[in-house]
Amino acid sequence: MSSSVQRKRIRKDPAARRAEIIATAAAVALAEGLECVTLRRIAEELAVRPGLISHYFPSAEDLVAEAFGSAATGELDRLLPAERAATTPTGRLARFLAHTSGEEYDAISRLWINARHLSRYRPVLRDRVARQEAAWRGRLEDLIQDGVDAGEFVTDDPLTVAVQLLVVLDGLGVHANTATPERPAAVLRLPRTTAERELGLPPGTLDEAAG
């Protein structure tokens, strides 16, 4: 007597499946650009039918926005964790600025350039870009305020200093897509120079703290 055993398909929890889709889309966005985040492409990456992706994201625009948001939030949490670290505000700021250069950071810079360009035509993405910009401003402002409260920084406007630093970082990051010649050391150090000047720190303080 013969019998057949039907292999059971394991269904993932909806929340886990959705998180997997977003993580995959974020990885594609970082490596290849947001234009490559399509329902079909993510389905191929996960070896599932496109209909499964559209079940969670009926609109590709929603998936693109989530992919950007996930990647940008992940980078923010890595560079500026929300929880207060054991180190001082000066040490946290030095660590942040030390990690905002190099090939690894260039990937997130390219993604921001990509997202800001596409957001001109995509309202859902435009909203997500605005929310992520606010998150980065807020996280950096909180760090600067911590430094003021601890007596390490001197400024009566932490938000303005935070915006100044992000503008400088954006200015340097805009070259991520171009093969620029070696930049002068003073240019590479511009974020730290700006922070030290605006926060009343002696020149070289952030270099020493980072080291």
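Every number in this text was worked out from the coordinates using simple rules, so none of it is lab data. Keep in mind the model is a prediction, meaning the values are calculated, not measured. Because the Cβ atoms are built from the backbone with ideal geometry, glycine has one as well, and the counts that use them run over all protein chains shown.
Axis of helix 60-79 versus longest Cα principal axis of the chain: the two differ by about 40°, to the nearest ten degrees. Taking R197, R183, R40 in turn, the Gaussian network model of the chain (Cα-Cα springs below 10 Å) assigns the largest fluctuation to R183. Of interest is the spacing of the C-alpha centroids, which for region 27-52 and region 99-147 amounts to 22 Å. Each of the GluC sites (Glu not before Pro) that DSSP puts in a loop and that has at most 16 other Cβ atoms within 10 Å breaks the chain; the longest unbroken stretch is 84-181. Rounded to the nearest 500, the 222 nm mean residue ellipticity of the chain from helices alone is -21500 deg cm²/dmol, with -39,500 (n - 2.57) taken per DSSP H run of at least 4 residues.
For the chain, what relative contact order do you get, as a whole percent, if you take Cα pairs closer than 8 Å and at least 6 residues apart? It would help to have the intermediate numbers written out before the result.
Values: 199 pairs, mean separation 41.8, N = 211.
Computed over the chain, the figure is 20 percent.
Per residue, the convex hull spanned by the Cα atoms of the chain measures out at 170 cubic angstrom.
Give, as a single signed number, the net charge of other residues whose beta carbon lies under 11 Å from the beta carbon of P89, with Lys and Arg counted +1 and Asp and Glu -1. Intermediate values should be presented prior to the final figure.
Details: positive: R84, R92, R95; negative: D142, D146, D149, E152.
Neighbour charge sum, excluding P89 itself: -1.
For region 100-172, the Kirkwood estimate of hydrodynamic radius, built from reciprocal distances between every pair of different alpha carbons, is 13.6 Å.
Here the label points at D106 and D156, each 7 Å from Cα along the C-beta direction, are separated by 4.3 nm in the simple model. The relative contact order of region 24-87 comes to 35 percent, based on Cα pairs under 8 Å that sit 6 or more residues apart. For region 54-108, applying the loop criterion from DSSP together with a ceiling of 12 other beta carbons within 10 Å to the trypsin sites (Lys or Arg not before Pro) yields R84. Each principal axis of the Cα atoms in region 34-116 has its own extent, and those three values, largest first, are 49, 24, 22 angstrom.
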